1. Compute the label zone of Thr124 within the stretch 190-216: residues whose backbone N is under 19 Å from the point 7 Å along Cα-to-Cβ.
2. Could you tell me which helices of the chain pass both thresholds, a Cα extent of 20 Å or more along their own axis and a mean Kyte-Doolittle hydropathy of at least -0.5, with helices taken as whole DSSP H runs?
3. Roll a 1.4 Å probe over the protein chains and send me the accessible area per residue for the stretch 166-211 in Å².
4. Among the GluC sites (Glu not before Pro) within the stretch 157-254, which fall in a DSSP loop and have no more than 16 other Cβ atoms within 10 Å of their own Cβ?
5. Name the chymotrypsin sites (Phe, Trp or Tyr not before Pro) in the stretch 212-273 that are in a loop by DSSP and that have at most 16 other C-beta atoms within 10 Å, would you?
6. Looking at the calculated P(r) for the stretch 105-178, what percent of the C-alpha pair distances fall above 13 Å?
7. Under a GNM of the chain (C-alpha, springs under 10 Å), which listed residue has the highest mean-square fluctuation: Leu34, Leu211, Leu112?
8. So how much slack lies between Asn198 and Arg82, counting 0.36 nm per residue of separation and subtracting their Cα-Cα distance, in nm?
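The values are calculated or read from the model by the stated rules, or taken from the named source; none is laboratory data. Note that the coordinates shown come from a computational prediction; the quantities given were computed from them, not determined experimentally. Every residue, glycine among them, receives a Cβ derived from its backbone with ideal geometry; neighbour counts consider all protein chains shown. Keep in mind that these areas ignore ligands, DNA and RNA; they rest on the heavy atoms of the full protein, side chains included. Shrake-Rupley method; radii C 1.70, N 1.55, O 1.52, S 1.80 Å.
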Amino acid sequence: MKAFTYERAKDPVAAARAAARPGAKFLAGGTNLLDLMKIEVETPTHLIDVQDLGLDRIEKTKEGGLRIGAFATNTALAADERVRRDYGVLSRAIVAGASGQLRNKATTAGNLLQRTRCPYFYDTNMACNKRRPGTGCSAIGGYSRQLAVVGSSNDCIATNPSDMNVAMRVLDATVETVNPEGRTRAIPIADFHRLPGNTPHIETALQPGELITAVTLPRPIRGTHIYEKVRDRASYAFALVSVAAVIQKDGTGRVALGGVAHKPWRVEAAEAAMPQGARAVTATLLADARPTQDNAYKVPLVERTLAAVISQARTA
Ligand SMILES: Cc1cc2nc3c(=O)[nH]c(=O)nc-3n(C[C@H](O)[C@H](O)[C@H](O)COP(=O)(O)OP(=O)(O)OC[C@H]3O[C@@H](n4cnc5c(N)ncnc54)[C@H](O)[C@@H]3O)c2cc1C
């Protein structure tokens with residue numbers, strides 16, 4: 001691990017100001033950042049520990065939604081009785097990820113920003129445009145079984161690994177931030193994560209130093225909330241494909257996919273086809289898919305997983 005300095009921030013704007021320094025990074029639960037520092041994929045020179053900012057409450061908004069403090073742990077969020085009752089897809093997605101111990105440390109903001117699990121990103125001996133811009137992508141033409149089938153580019157085929165992000169996308173969450181000048185922003189989750197294009201190292205809409213302070217959920221949507229994750233092992237594995245859905249009695253609904261793209265993948269136009277079934281929805285959701293030979297299996301797997309989700313909703 002490379003040497004770094006460390007401070008504990010006491011107020012959000014001061015934290016943002018400190019993080020605007022080149023080489024500085026926020027430290028939340030540390031479950032992703034510290035792992036990456038140990039293998040020198042991330043080499044920050046200064047860490048700003050943001051866990052003492054008191055931004056961990058989950059509160060009702062005046063619009064009837066929920067405001068989740070950036071540092072609410074994944075355990076607290078998944079267990080919150082309002083989340084379990086009104087946003088079941090979020091609770092289910094979170095408990096489908098990682099392990100109990102990790103979820104006790106991992107935070108809402110840290111989960112939103114966790115980095116890809118592309119094996120070439122983790123291997124500092126391999127070229128990776130996301131780790132070192134302009135060096136090339138070893139995943140293209142390499143081992144790509146876990147990697148993206150849609151929204152990828154000639155520079156990157158990595159996926160976003162988060163389960164929580166997929167549920168946040170189907171619920172139309174908003175990410176709230178504060179910048180080093182104290183200005184706040186509300187970024188719709190649809191615009192928060194970026195596709196790789198030719199700058200795969202720029203993963204989100206955040207500006208230098210900008211601190212996530214909360215994530216807001218709109219009023220609950222009625223319907224059956226389902227999160228279905230397909231993975232290599234029954235637990236403790238990232239999604240090959242996942243489906244977050246909220247489905248109504250008449251078969252209409254919303255759906256987002258995990259494990260297929262650089263961001264949680266939702267195409268609102270595809271949802272018009274929900275009552276016609278999984279094949280029709282998948283045809284639009286993955287219309288622009290460019291799978292590799294290794295991961296072409298993900299396209300039929302999405303359709304089958306979605307079919308299982310629709311059938312669960314029918315019998316719920
Ligand atoms: C073995 C293992 C298995 C896992 N399995 C899964 C899984 O199946 N599904 C899944 O979804 N996840 C899984 N995870 C990932 C885990 O969910 C993430 O590591 C965790 O959510 C990151 O949260 P954190 O608070 O620890 O973030 P950190 O590691 O502290 O931070 C992550 C990033 O976010 C930045 N950051 C943190 N807070 C803020 C903020 N407020 N504003 C701006 N930037 C910020 C940090 O600078 C850093 O770049 C797994 C992790 C491990 C180690």
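1. Label zone hits: 201.
2. Both cut-offs are met by 298-315.
3. Numbers: 1900 Å² over 46 residues.
In whole numbers, the stretch 166-211 has 41 Å² accessible per residue.
4. Values: sites: Glu176, Glu181, Glu203, Glu210, Glu228; in loops: Glu181, Glu203, Glu210.
Counting only loop positions with at most 16 other Cβ atoms within 10 Å, the GluC sites (Glu not before Pro) in the stretch 157-254 are Glu181.
5. Details: sites: Tyr227, Tyr236, Phe238, Trp265; in loops: Tyr236, Phe238.
Those that pass, being in a loop and sparsely packed, are Tyr236.
6. Numbers: 1879 of 2701 pairs.
The answer is 70 percent, as a whole percent.
7. Looking only at Leu34, Leu211, Leu112, the largest GNM fluctuation is found for Leu34.
8. Working: separation 116, 0.36 × 116 = 41.76 nm, distance 4.07 nm.
Fully extending the segment from Asn198 to Arg82 adds 37.7 nm.
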